[in-house]
Each structure stands twice: as C-alpha cells, then as structure tokens.
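To start, the structure itself, in structure tokens.
The values are calculated or read from the model by the stated rules, or taken from the named source; none is laboratory data. As the structure is a prediction and not an experimental result, all values here were calculated from the model. Methodologically, a virtual Cβ is constructed for each residue, glycine included, from the backbone with ideal geometry; neighbour enumeration extends over all protein chains shown. These accessible areas exclude ligands, DNA and RNA; they are computed on the full protein's heavy atoms, side chains included. Shrake-Rupley method; radii C 1.70, N 1.55, O 1.52, S 1.80 Å.
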Amino acid sequence: MPASAGFVEVLKCSACGALDAGPREICPVCHAPALQPGKVPGAGSLLSWTVIRRPPAAFRAEGSYAVAVIELDAGVKVTGRLDSPDAGGQLGARVVLAESKNGVPVFRLA
Amino acid sequence: MRDVAITGIGSTLFGKHEGRGLESLAVEAANTALRNAGVSRKEIGALYLGNFIAGPLSGQEVLAGIVADELGLENIPCTKVEGACASGGIAFRHAVLAVSSGMCDAALVVGVEKMTHASGGQVTQALNCAMDNRSDGPSGLTFPGLFGLAWRIHAAKYGTTRDEVSSVVIKNKANGLKNPLAQLGAELTFDVIRQSQPIADPIQLYDCCPVSDGAAAIVVVAKDRVKDAPDLPIDVLASVQTRGSPRIAGHRDIVSFDATVKAAEFAYRAAGLAAKDIDFVELHDCFSMAEIIDSEDLGLVPRGMGAKWAAEGRTRVGGDIPINPSGGLLAKGHPVGATGVGQLYEAVLQLRGLHANQVKDAGIGMTHNLGGSGIACTVSILKRPDV
Ligand SMILES: [Zn+2]
C-alpha cells in the first residue's frame, strides 16, 4: 500500500527546520524537543545495498531480501529495502519509493 | 594518574565448549590470571566483566558478582560492562582507570561469552541487540549485511576485488592454525572462498567469524606494585574509548568508523606515539571487510589500501604491519564479550616474546575492539618495559 504516495516519512524540527530520518526524541541539531512528523519526496540515490541471505529469526519467513542505504534528494539518509533481492544496481543509481512496509521505506530503481 | 601494567593473563580455548556455562569459562580464565598476577586476591580492588548477550542467550545477568564470589574476592565493586562486541575492551579500560586513578592498586578484567548452544537465528537476533532497533533493526539489516554495504562502497571507491579481500581471510585463517587457542584456523584457497555460501552479498561464509564460546582475563596492577609478578609485566601506554553513530545512515562514510578514527587519534596522543611505531595489531576483524576498514581507520595502512596490502603480504607476520597474528576473530573466534580481553591476552604474549606466532622483536602492540555498527570502540597500546 503506497500510503505515503511517493513520500518518505521523516522528522522535521519545528524549531530549526532540521530533517532527520528518525525515530529520534529531540532535534539532533538544536536539541529542542520539537521534532514533528513530516514527509519528503521519495526520490534519491543508492549509496549501497546488500542481499540478506541469512535473516535474523524475526525476518526468517521473508527469505532473502535486499537492504539499502538511500540518500534522499531532500538531504536525509535512510536505511530501507529494495523491492526485490535481484534489484541491486550501480552505486549512485536513482531510486524512487515503491511502498512503505511496516514503516520501512521500500525503493525501486528509477 | 599512576602508570599501570598488566601482570596476570588467562584464557580458555575459543570455540565450542559443550555443556559448560558462562561461569565455568569465566572462572577458568580469571583464576589463571589471578594465579600468575603477583598480587593476592585481597589486593584486587575492583572487577570489570565484559559480556554482551548472556541475557538473551543464557538468561543470566549479574555475572560480575557471581564470578567474584567463585574466585573468593573481597566485597569489592563488581561491574558488568556492556558495549556490544567492544564489551571486553571497555571492561579493560575501566580497570585501567580504577588503578591509574588510585582507586585501587589492582583490578581484574574478565570477558566471557557463551553462544554455541543457541541456534543461528537466535544468535543473529541476539547480536542485533547491538543495532539501534528503532531504525536499522526494522529494515532487517544484519551485521554481515552492514559489511556487505561497506564492501560495495570500498570496491567502488578503491577498486577492491573479491580475491584481495580473500587475502585477509587466507592470512588470518593461516595465523589461526598456529594459535593453540584458535577455533577455526585453516589453510584456504581463493577458490574455496569464492565458492562458499553467500551470506549478505558480497559477504560469503569465509568472510565471517565463527560463533564461539570463550573467556579471557587480565589483572592490571599499579606499576609501582608489580615487583612480585612472576612474568614480565607489560606497560599500558593508552586505553581509550569512544563512541560513534548507532545507525548506518548516521555514518558520514560507510567505509570508515568515526569511533575508530577518534580512538586511534586519542591513543596515539596518550602514548606519545604514531602509527609507524606500532609493531603489530590485534584488530576487530568480525568480517574480512572489517579488518580492511579498521586497518585504514587506525592509520596503519593508507586509506583504500587495506585489501591490497593484505594481498601483497604486507600485513602478515614478517610484513610491514602484522595484523591479527592470533588469527583474529575470523580464525581465533569471536565470543563477543570476551574478544577485547582475548586481544589483550594475545598482545601480552607477543610482547613477552612467547606467542606461538611470534612477531619478531615485538615491542609495542595495539588492540582495537569495535562494537555494534561502530557505536563503541576501544583502542589500547601496550609496551614491553625495556623498549
Ligand atoms: Zn532543531
């Protein structure tokens, strides 16, 4: 379910405007307890990716899956998934948000 | 601050200890260390015990007090220290602080872990307690996965190849064959490594350290109180601890850990030394790629050259900078809470000239212990007293 319709949920500090991938309790920049839920466009580039072939017990049912670190164009780095274990690409490749699953953003190559 | 030396050391074999509990392993190592420390049990003023996952895997906490009771120590402060896979190194640093500050004249450090009785899934799950489970955990990332992410970036930036990375594995496994405490020494070929099972691409089976049981112990004593030590006391020049980001995405660069870079910088400064003065290092090679990154972060190998130096033989015993002559975590084993103390045990043997895989004329040694996704790090520098 693309509930966030192409947007990645992040935190935005209402005191200084800083963005953070979260979850986090206070603003990492100005330390104000003023982080609010926000959204940024789900477009960015692939910093790196791996395919987890020996998942921890909690993820065993999923089989192999790809975890990626994405640098969003909005300037936030997030750890998420690629939409298929065979989805990998060149580092720096463009990606877009495909869906959000259990709060984890899932990306596909653009 | 007073000068501090290591007098007593002890260790169990690293590997599978079927039917033995954490307490049994810890007491074996600690009792050995106490018996060759040259101080009486009454003089031990503090105990620091490094352990990471006795809670989830064995349902046992308060290990520090249990071990002290078994050993017949006084009613001293006994503290369990947790910093993921750096727990042992952190325990050592606290003991050094306790003695150097004058709080006590001698302190006992123990590191212990029992892992092999649990299933692979349980172990992975327990180790994942070392992630920030608000962020990286939900993605399904694992520690091999972290180093898979790092590998791709290292390869893209520096042209690092599968076979160059395998050189690290082949070296450490061969070193492990010479170490009587090691769990999994082996003579390996590039082919065998290349064909091993994929774990977290590009990480394959032989890129990973084994699951291990084991314990190691060290007695640290004020330098002016070492006269009764039966074996050569080894000087502690620096024991430094730092933190880094708890999250993958929080690292500026996934092929370097700030915690290691800073710890090395502070340790060199504290010891009044530079990287070129280090004769050997026992560093945190939980994965082949980890050794490559660590060696660069510690300044022992030029940035980007970690794998290439291994391939050129510059990091083996007899090379420019011998890395993990013990076999490291890859071959000696990685009982996580014990590892940092085990590294110090190996370094002391090297500096006494008694190691089974001896670095010739070893005078100054370094140990490096890294926890979590780079959240906790210790670096220590030890010296033979006549150097
Ligand atoms: Zn702010």
> Are any residues in the stretch A:41-61 open to solvent by 10 Å² or more (accessible area, probe 1.4 Å), within 9 Å of chain B (Cβ to nearest Cβ) and of a type in the set (A, V, I, L, M, F, W, C), and if so, which ones?
Replying inline: A:Leu47, A:Trp49, A:Ala57, A:Ala58, A:Phe59
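Residues checked against (1) within 14 Å of chain A (Cβ to nearest Cβ); (2) out of contact with any Ser or Thr (no Cβ under 9 Å at 6 or more places or on another chain); (3) of a type in the set (Lys, Arg); (4) farther than 25 Å from B:Ala307 by Cα:
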| position | (1), (2), (3), (4) |
| --- | --- |
| B:Ile203 | yes, no, no, no |
| B:Gly214 | no, no, no, yes |
| B:Val219 | no, no, no, yes |
| B:Lys223 | no, yes, yes, yes |
| B:Val236 | no, no, no, yes |
| B:Val240 | no, no, no, yes |
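Rundown of residues vs (1) at pLDDT 95 or above; (2) loosely packed, with under 15 Cβ neighbours inside 10 Å, yes/no style:
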position: A:Cys13; (1), (2): yes, no
position: A:Ala18; (1), (2): yes, no
position: A:Leu35; (1), (2): yes, no
position: A:Arg81; (1), (2): yes, no
position: A:Ala87; (1), (2): no, no
position: A:Gln90; (1), (2): no, yes
position: A:Pro105; (1), (2): yes, no
> If you check B:Glu82 against the conditions, is it of a type in the set (Asp, Glu) and buried (at least 24 other Cβ atoms within 10 Å of the Cβ)?
Replying inline: no
>> Tell me whether the stretch B:87-103 contains one or more residues that are in contact (Cβ under 8 Å) with a residue 60 or more places away in the chain, closer than 23 Å to A:Arg60 by Cβ and either of a type outside the set (S, T, N, Q) or surrounded by fewer than 24 Cβ atoms within 10 Å (Cβ to Cβ) (or both).
In response: no
> Residues of the stretch B:236-264 being open to solvent by 10 Å² or more (accessible area, probe 1.4 Å), assigned to a helix (DSSP H, G or I) and in contact (Cβ under 8 Å) with a residue 12 or more places away in the chain, which ones?
Replying inline: B:Ala249, B:Asp258, B:Val261, B:Lys262
> Can you tell me which of B:Val348, B:Val341, B:Val379, B:Val336 is in a loop (DSSP other than H, G, I, E, B), β-branched (Val, Ile, Thr) and at pLDDT 95 or above?
Replying inline: B:Val336
> So which of B:Phe266, B:Phe287 is away from chain A (no Cβ under 14 Å) and in contact with a strand residue (DSSP E or B) (Cβ under 7 Å, 6 or more places away or on another chain)?
Replying inline: B:Phe266
> Across the stretch A:65-100, what is the number of residues that are under 26 Å from A:Pro23 (Cβ atoms), of a type outside the set (Gly, Ala, Ser) and within 7 Å of chain B (Cβ to nearest Cβ)?
Replying inline: 7
>> Out of everything in the stretch B:269-311 that is open to solvent by 30 Å² or more (accessible area, probe 1.4 Å) and within 18 Å of the chain's Cα centre (by Cα), what residue ends up being farthest from B:Leu351 (Cα to Cα)?
In response: B:Gly299
> Residues in the stretch A:49-58: is at least one within 14 Å of the ligand (Cβ to nearest atom) and not basic (Lys, Arg)?
Replying inline: no
>> What's the total number of residues in the stretch B:94-123 that are modelled with pLDDT under 95 and either small (Gly, Ala, Ser) or within 19 Å of the chain's Cα centre (by Cα) (or both)?
In response: 4
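Being under 17 Å from B:Thr79 (Cα atoms) and surrounded by fewer than 19 Cβ atoms within 10 Å (Cβ to Cβ) is the filter here, so list the residues in the stretch B:46-64 that pass it. Walk me through how you get there before you give the answer.
Looking only at the stretch B:46-64, we keep the residues that are under 17 Å from B:Thr79 (Cα atoms), and these are B:46-55, B:60-64.
Matches in the stretch B:46-64: B:Gly55, B:Gln60, B:Glu61, B:Val62.
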> Of the conditions (1) closer than 17 Å to B:Val336 by Cα; (2) surrounded by fewer than 24 Cβ atoms within 10 Å (Cβ to Cβ); (3) over 19 Å from the mean Cα position of the chain (by Cα), B:Thr142 fails just one. Which one is it?
Replying inline: (2)
> Considering the stretch B:133-167 alone, what residues qualify as being at the interface with chain A (Cβ under 8 Å from one of its Cβ atoms), of a type in the set (Val, Ile, Thr) and out of contact with any Lys or Arg (no Cβ under 9 Å at 6 or more places or on another chain)?
Replying inline: B:Ile153
> Considering the stretch B:145-196 alone, what residues qualify as being small (Gly, Ala, Ser), under 22 Å from B:Ile248 (Cβ atoms) and buried (at least 21 other Cβ atoms within 10 Å of the Cβ)?
Replying inline: B:Gly145, B:Gly148, B:Ala150
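Here is a yes/no grid of residues against (1) in contact with a Cys (Cβ under 7 Å, 6 or more places away or on another chain); (2) within 10 Å of another protein chain (Cβ to nearest Cβ); (3) within 15 Å of the ligand (Cβ to nearest atom); (4) at negative phi:
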| residue | (1), (2), (3), (4) |
| --- | --- |
| A:Phe7 | no, no, no, yes |
| A:Pro28 | no, yes, yes, yes |
| A:Leu35 | yes, no, yes, yes |
| A:Lys39 | no, no, no, yes |
| A:Gly63 | no, no, no, no |
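Regarding the stretch B:196-207, can at least one residue be identified that is within 14 Å of B:Gly8 (Cα to Cα) and assigned to a loop (DSSP other than H, G, I, E, B)?
no
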